[in-house]
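Below is one structure, written out as structure tokens, with a few remarks after it.
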Amino acid sequence: MSDLAKHFAKAKLSSLPEPLPEEPPDYEDDSSSSASSMSSTGTIIPSHTLRPAPAIHWSDYFAQELFLERVPDAETPAPQGLGPAKFHLYFTPPATPKAPLLVLHHGAGSSAMSFALMAKEVRRQMPEMGVLAVEARDHGSVVWDPDGAVDNDLSVELLSQDLLDMLRLTQVKLGWSELPILILIGHSLGGAVVTHTANMNVLGSKLLGYAVLDVVEGSAMDALKHMQTYLASRPKAFPSLSAAIEWHIRSRTLRNPQSARASVPSLLLQGSDGRWAWRTELGSTEAYWENWFTGMSGKFLRGKGAKLLVLAGTDRLDKELMIGQMQGKFQLQVLPAAGHFLHEDLPEKTAEIVVEFVKRNDRSALVLPPKVSDLLAQGKKV
């Protein structure tokens with residue numbers, strides 16, 4: 001999934017990562033702090049004199065911002081964990097009803113804006129394709145239980161049902177008679193969600209395929225053993241959005257300054273003291289970590305539809321996926337120059353891989369030769 005497991009294995013947990021050489025004194029560290037995602041700690045580069053540009057607005061990358069409400073039937077009690085909800089999404093519509101739609105699901109502690117640059121690049125390379133970037137509960141979307149309390153159950157089963165409901169509500173909102181052809185793409189935790197969703201077999205022929213970005217079961221489970229220690233080394237709050245953006249760049253959590261400007265602001269909420277703290281308390285989600293990734297490799301291989309796995313290093317493949325890859329069960333692409341957030345670090349290359357994957361597998365794009373009977377009926381020689 002990331003360099004995290006390798007980093008801690010080499011260190012044998014003998015020490016935490018070195019602090020930022022020139023970190024401002026008003027960054028706060030806390031053992032309960034969350035992180036932007038389950039990502040690589042990277043290499044700290046002391047470039048404090050290089051200040052990032054201001055944050056970027058979502059409208060630079062998507063056509064619409066949607067807020068969709070799930071309202072359970074008043075006469076039928078909602079299943080546990082699937083109560084009333086307000087879902088937050090970003091959307092750029094397909095050019096035609098027959099054009100495919102990319103459905104993007106972020107990782108733990110991240111947001112839909114992590115796909116901003118990649119989404120725009122996908123549209124540049126394949127203008128007819130639509131993009132729908134969703135946000136999970138406790139990450140920008142909100143779900144309530146029957147008593148009106150916020151429900152932050154992040155089990156993969158509920159996250160997958162949330163995703164399906166977001167697709168259904170989008171269809172209703174836009175007045176579509178049916179869903180377009182879908183390609184599900186998930187990063188890290190999002191990869192587990194789209195894999196589980198594909199295995200639910202409810203999208204039928206509308207699901208062209210799914211892609212997982214930089215997460216596999218084996219390395220993910222290894223990394224989870226050290227996640228709380230990793231989270232304890234992260235700043236708890238930042239004095240400004242610019243400071244938060246700078247930290248992500250200097251720590252090499254994100255290696256693309258433009259993407260950091262687009263995605264980092266959505267990871268934070270401003271408190272009454274004016275400081276910016278993490279939106280998602282990732283450390284408090286520990287109860288769900290094994291649920292996210294246990295059995296993921298098998299589900300990835302069993303699901304119907306074309307399959308794509310994009311990794312930042314071949315060492316991330318576990319045994320089950322190695323065998324599946326040798327058997328040609330999925331397409332594998334490796335981006336060794338990227339970190340864990342490969343779609344942010346290399347948005348153009350990631351978009352190129354995704355577009356090629358879609359074009360290779362899109363049945364509607366096939367041009368079949370005319371039938372002999374049709375040619376004869378037209379008086380043509382065959």
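Collect the residues in segment 125-142 that are aliphatic (A, V, I, L, M) and surrounded by fewer than 23 Cβ atoms within 10 Å (Cβ to Cβ), keeping them in residue-number order. So that I can check it myself, show each step before the final result.
Taking segment 125-142 as the starting set, the residues that turn out to be aliphatic (A, V, I, L, M) are 126, 129, 131-134, 136, 142.
Scanning segment 125-142 gives MET126, VAL142.
Can you find a residue in segment 161-170 that is within 18 Å of ALA95 (Cα to Cα) and more than 12 Å from the chain's Cα centre (by Cα)? Steps first, answer last, please.
Applying the first criterion (within 18 Å of ALA95 (Cα to Cα)) to segment 161-170 yields 167, 170.
With the extra rule that they be more than 12 Å from the chain's Cα centre (by Cα), the set shrinks to 167, 170.
Within segment 161-170, one or more residues are within 18 Å of ALA95 (Cα to Cα) and more than 12 Å from the chain's Cα centre (by Cα).
Just to check your reading of the model, which residue among ARG70, ARG51 is among the basic types (Lys, Arg) and modelled with pLDDT under 95?
Just a single option satisfies the conditions, and that option is ARG51.
Is it true that GLU121 is over 12 Å from the mean Cα position of the chain (by Cα) and over 22 Å from ARG302 (Cβ atoms)? Write out each step before concluding.
Numbers: over 12 Å from the mean Cα position of the chain (by Cα): yes; over 22 Å from ARG302 (Cβ atoms): yes.
It is true that GLU121 is over 12 Å from the mean Cα position of the chain (by Cα) and over 22 Å from ARG302 (Cβ atoms).
Conditions first: (1) more than 19 Å from the chain's Cα centre (by Cα); (2) part of a helix (DSSP H, G or I); (3) basic (Lys, Arg). ARG261 passes all but one, so which condition is the exception?
(1)
List pairs: first in segment 282-296 and surrounded by fewer than 21 Cβ atoms within 10 Å (Cβ to Cβ), second in a helix (DSSP H, G or I), Cβ under 6 Å, 6+ apart or cross-chain?
Short answer, once both residue conditions are applied: GLY283/LEU231; ASN291/VAL156.
Looking at GLY148 and the list (1) more than 13 Å from the chain's Cα centre (by Cα); (2) modelled with pLDDT of 95 or more, which single condition is not satisfied?
Unmet condition: (2).
Tell me which of these LEU254 doesn't satisfy, since it passes every other one: (1) closer than 21 Å to GLY140 by Cβ; (2) modelled with pLDDT of 95 or more; (3) out of contact with any helix residue (DSSP H, G or I) (no Cβ under 7 Å at 6 or more places or on another chain).
Among (1) closer than 21 Å to GLY140 by Cβ; (2) modelled with pLDDT of 95 or more; (3) out of contact with any helix residue (DSSP H, G or I) (no Cβ under 7 Å at 6 or more places or on another chain), the lone unmet condition for LEU254 is (3).
Restricting segment 308-334 to residues that are surrounded by fewer than 22 Cβ atoms within 10 Å (Cβ to Cβ) and among the small types (Gly, Ala, Ser), which is farthest from ASN361 (Cα to Cα)? Talk me through it step by step, then tell me what you get.
Just the residues of segment 308-334 that are surrounded by fewer than 22 Cβ atoms within 10 Å (Cβ to Cβ), to begin with: 313-315, 317-320, 322-334.
Those still in the list that are among the small types (Gly, Ala, Ser) too: 313, 324, 328.
Numbers: GLY313: 25, GLY324: 19, GLY328: 15 Å.
This residue is GLY313.
When you go through THR96, THR76, THR41 one by one, which is the residue that is among the hydroxyl-bearing types (Ser, Thr, Tyr), modelled with pLDDT under 95 and within 18 Å of LEU167 (Cα to Cα)? Write out each step before concluding.
Details: THR76 fails: within 18 Å of LEU167 (Cα to Cα); THR41 fails: within 18 Å of LEU167 (Cα to Cα).
So the residue among THR96, THR76, THR41 that is among the hydroxyl-bearing types (Ser, Thr, Tyr), modelled with pLDDT under 95 and within 18 Å of LEU167 (Cα to Cα) is THR96.
Taking the conditions exactly as written (under 15 Å from GLY305 (Cβ atoms), surrounded by fewer than 23 Cβ atoms within 10 Å (Cβ to Cβ) and of a type in the set (S, T, N, Q)), does SER205 satisfy them or not?
Values: under 15 Å from GLY305 (Cβ atoms): yes; surrounded by fewer than 23 Cβ atoms within 10 Å (Cβ to Cβ): yes; of a type in the set (S, T, N, Q): yes.
Against the criterion (under 15 Å from GLY305 (Cβ atoms), surrounded by fewer than 23 Cβ atoms within 10 Å (Cβ to Cβ) and of a type in the set (S, T, N, Q)), SER205 qualifies.
Is one or more of the residues making up segment 264-285 part of a helix (DSSP H, G or I), farther than 30 Å from LYS206 by Cα, in contact with a helix residue (DSSP H, G or I) (Cβ under 6 Å, 6 or more places away or on another chain) and polar (S, T, N, Q)?
yes
What is the residue count in segment 106-142 for residues that are touching a Ser or Thr at 6+ places or on another chain (Cβ under 7 Å) and either free of Cβ contacts under 8 Å to residues at least 24 places away in the same chain or part of a strand (DSSP E or B) (or both)?
3
The values are calculated or read from the model by the stated rules, or taken from the named source; none is laboratory data. Predicted, not measured: the structure shown is a model, and the values here were computed from it. In this analysis, Cβ positions are derived from the backbone assuming ideal geometry, glycine residues included, and neighbour counts consider all displayed protein chains.
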